[in-house]
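Trainee: Questions regarding the structure given below will be posed in turn.
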Ligand code: BAL
Ligand code: ZN
């Protein structure tokens, strides 16, 4: 595979104005006829160059140029392109091809999932359906007719509005859909299956009626209401917050079981991984309910940020993804607890995206090269991209940001544009110069921001000295300073915010404000500060950086109690816990007795005993930094010491805080027992505290806790409580109870694939010794299959990504296992194979012996035969 560069971008030589598709779907093949109404691109210069169409795994049956059948001498065919010579500026191409969705295991293009036909075209799947200019800057209207056996496939769907349908001889039927909005081929979709739907309506802000349909397999029709409610909330929110109205007469979501991603925003016909649609109390956890709400919103929001205005080329992917993640995060914050949402997002970013940004696959939010675009649907493009949008929002403020987004949508509606176009609209609307800010798009790596202070009691001034730097990343040795929005406050000894007046200002500007750090070294001096303050820095995580300030543990405890910024109260607790855990890690490494700093116990006790705190916040504050995060912040991660230290701290906390934990648990379980399940934030909060309390309590091994776990497992009415009870049993030494619960669970839910995924995950993540053997045994379970991406993620992904102490077993068995799975998946589903590689690519984080073992497995993959471009790119870059 060869590297593709952003700098080589050229406008397309030809454009496609109209695309007319006909699909004849059969059990052993599908015929695709495509009529493309094309013309020379006036922006591409003079003359008539050769027309090069993309196409892979297509059997060409017939090709016509303006009704003239072409012979083999009239075109060139390779395994990736069809080249021919147009003779006029405007022309029509007709092609007929045969494809094989029934044997498509890569789940790109047209494929079959649980007996239905469906598609996934982003990024480059459409070229596996027909010959086309498969690039996002070629936008066309589409008319699609599909025909299939009526009995097996009563529902026939495509993008846009339905315009005609009918029956054919031989038990077949057909339907025609027309999408009047020009779109790139990656937004094309088709579905044929035996599906039921829930239907609803939405009246838009200009009083248009839109039909909403969610299609699922008949047995899942009882699990759709939450997604429908989420869709209506999303449509309303996008009108209110962004002024964006839906544009077609119908909006459809289809749930499919085999799907590489979470969901796909095809115009008017979103196709979803069933895990991101189906949710009801008995089968989906609170987290799953929130995920459904967020993904439904995300895909819906793409209708404007992605579809109406799309990307010029795939280097601009974050134009639509970073923006849309930011939009869905704000939506979720408005629907639920804003602070808790921020905490969850930041914890995720710092554990996973920071690791990516420090590893061999590090790339800018707008990458400048790739081999395989599928490898760039990354945490950096999505989550860091969203942080970049959040920073623009912070710098401009909500009104100017909205003015900028209005201008962006108005200026570029119907166009395929770049990240620079987006920034330009923000600049033009706000008058703010974002030239330096744009380095966030072009420079990879997580910036460090070191802060120190000095207080001058005689002059009543307080000075913050800042130093920013950014480590080298592949291809980028030197970095220029970023614009870092630093939101901060200064607290007095009572925890009150002081008025903030910088030198040179004639009066204070609020008590919490955003400073712009733009230089490698910079200082800010505040005046009229009558006592030594304590700074609350990077409030709300106002920039995706690694901040350091020499807080003492006592100062962190003070911030945990007093900071008025909820995020920073949590953050102070996390920093305190990190300091304490790192001390324990050191003790473990030196072979010393482990001793937990009692201040952590005291801090968490006061959190637990504070009835005025939101229960979800209490739960978040009780959660110690994860092993993944502790790995990320280590220079050399000692997996065993990290695990031992964290487990020791959890066990000590459980013993020391038994009383308040037990009281909180019992009170919350009592309410849960007497309240029917509701998927709302107050209920999420109660259950999250109840469940984290149970997981601590179980570490004490007390019989009344075991009894409580069993009671919760058996008597609860929802998956949130049931799965937690199962997880604590699985991680406990109570072998008989554990075996019984696992068996009962599998028996009860054996026919529900999504619930069985959770059953696999809980066991894959169990850190007790023998993890690999358990995972290998589970791969033989009748409910497991390597063909289903959700199953791969639930078992193999959870083992390698969450069960660090077993995956990193010193004998290399975990690495060998993962490499075997990647080699096997490479042949069937390259995208999923490449995704599973993540943990092996981080080999530089570990000790010399593990490094050698991990490298050896990467080299074994490289030597294993013909690799997909997906796997080859990640492996070769990891070894470079
Ligand atoms: N565009 C791929 C799936 C998503 O980000 O919505
Ligand atoms: Zn997206």
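Rule-based calculations on the coordinates, nothing more; no lab input. Computed from a predicted model, the values in this text were never measured in an experiment. Cβ: placed from backbone, ideal geometry, glycine included. Neighbour counts: every protein chain shown.
Trainee: Nearest 10 degrees is fine. How inclined is helix 753-764 to the longest principal axis of the chain, computing both from alpha carbons?
Mentor: Relative to the chain, helix 753-764 is tipped by roughly 40 degrees.
Trainee: When the convex hull of the Cα atoms of the range 461-585 is projected onto a plane and the area is averaged over all directions, what value comes out in nm²?
Mentor: Values: hull surface 35.6 nm².
Spelled out: convex hull of the Cα atoms, projected over all directions, averaged, 8.9 nm².
Trainee: For the chain, what is the largest minus smallest coordinate of the Cα atoms on each principal axis, given in angstrom and ordered from greatest to least?
Mentor: 87, 70, 59
Trainee: Counting helices only, and only those DSSP H runs with n ≥ 4, report the 222 nm mean residue ellipticity of the chain as the sum of -39,500 (n - 2.57) divided by its residues, in deg cm²/dmol to the nearest 500. Each step should come with its number before you reach the end.
Mentor: On the way: 29 runs with 348 residues, N = 880.
The per-residue figure over the chain is -12500 deg cm²/dmol.
Trainee: Using the Cα atoms of the range 684-742 to build a convex hull, what is its mean projected area in square nanometres? Please report the intermediate quantities before stating the final value.
Mentor: Numbers: hull surface 14.3 nm².
Spelled out: convex hull of the Cα atoms, projected over all directions, averaged, 3.6 nm².
Trainee: Find the centroid of the Cα atoms in the range 697-732 and in the range 492-536, then give the distance between the two in whole Å.
Mentor: 48
Trainee: At 7 Å along Cα-to-Cβ for each site, give me the label-to-label distance between residue 222 and residue 460 in nm.
Mentor: 7.0
Trainee: Using only the Cα atoms of the range 580-723, build the gyration tensor, take square roots of its eigenvalues as a ≥ b ≥ c, and label the shape rounded, prolate or oblate: rounded if a/c is under 1.5, else prolate if a/b is larger than b/c, else oblate. Before the final figure, lay out the partial values.
Mentor: Details: a/c = 1.98, a/b = 1.92, b/c = 1.03.
It is prolate, given that a/c is not under 1.5 and a/b is the larger ratio.
Trainee: Continuing with this model, one more query. What is the packing order of peptides 774-781, 370-377, 90-97, taking the mean over residues of other C-beta atoms within 10 Å and listing the highest first? Walk me through the intermediate numbers first.
Mentor: On the way: 774-781: 15.6, 370-377: 20.0, 90-97: 18.4.
Ranking, from highest mean packing down: 370-377, 90-97, 774-781.
Trainee: Relative contact order (percent) for the range 390-515, with alpha-carbon contacts under 8 angstrom and 6 or more residues of separation? Present the calculation step by step, with values, prior to reporting the outcome.
Mentor: Numbers: 139 pairs, mean separation 21.6, N = 126.
After rounding, I find 17 percent.
Trainee: Another question, then. Assuming R0 = 51 Å, what is the FRET efficiency of residue 589 and residue 751, from their Cβ-Cβ distance, to the nearest 0.05? Let's see the in-between values first.
Mentor: Details: r = 48 Å, r/R0 = 0.94.
It comes to 0.60.
Trainee: Over the range 307-431, what number does the Rg to Rh ratio reach, with both radii from the alpha-carbon atoms and Rh per Kirkwood?
Mentor: Numbers: Rg = 14.8 Å, Rh = 15.2 Å.
That ratio is 0.97, to two decimals.
Trainee: Sticking with this one: Please list 517-528, 480-491, 219-230 highest first by mean number of surrounding beta-carbon atoms within 10 Å per residue. Display every interim value, and only then the final one.
Mentor: Values: 517-528: 16.1, 480-491: 20.6, 219-230: 18.7.
Highest mean packing first, the order is 480-491, 219-230, 517-528.
Trainee: Helix 719-730 versus the longest principal axis of the chain: what angle, 0 to 90°, nearest 10, using Cα atoms?
Mentor: 60
Trainee: Once a ≥ b ≥ c are taken as the square roots of the eigenvalues of the Cα gyration tensor of the range 503-577, is the result rounded (a/c under 1.5), prolate (a/b larger than b/c) or oblate (a/b not larger than b/c)?
Mentor: prolate
Trainee: Now, a different point. To the nearest 10 degrees, how steep is helix 848-862 against the longest Cα principal axis of the chain, on a 0 to 90 scale?
Mentor: Roughly 10 degrees between the two axes.
Trainee: Along the Cα→Cβ direction, 7 angstrom out, place labels at residue 37 and residue 506. What is the inter-label distance in nm?
Mentor: About 6.5 nm separates the two model spin labels.
Trainee: Students often check this: by mean Cβ neighbours within 10 Å, which of 433-440, 67-74, 344-351 ranks highest, and how do the rest follow?
Mentor: Working: 433-440: 16.5, 67-74: 10.0, 344-351: 19.1.
Packing proxy ranking, top to bottom: 344-351, 433-440, 67-74.
Trainee: Normalised radius of gyration for the range 1-116, please: alpha carbon Rg relative to 2.2 N^0.38 Å, two decimal places.
Mentor: On the way: Rg = 16.0 Å, N = 116, 2.2 N^0.38 = 13.4 Å.
Normalised Cα radius of gyration, the range 1-116: 1.20.
Trainee: Relative contact order, percent, of the chain when contacts are C-alpha pairs under 8 Å separated by at least 6 residues?
Mentor: Numbers: 1687 pairs, mean separation 72.3, N = 880.
For the chain, the relative contact order is 8 percent.
Trainee: Going by the alpha-carbon gyration tensor, a ≥ b ≥ c the square roots of its eigenvalues, is the range 762-880 rounded (a/c under 1.5) or, if a/c is not under 1.5, prolate (a/b greater than b/c) versus oblate? It would help to have the intermediate numbers written out before the result.
Mentor: Details: a/c = 2.02, a/b = 1.12, b/c = 1.80.
Since a/c reaches 1.5 but b/c is at least a/b, the shape of the range 762-880 is classed as oblate.
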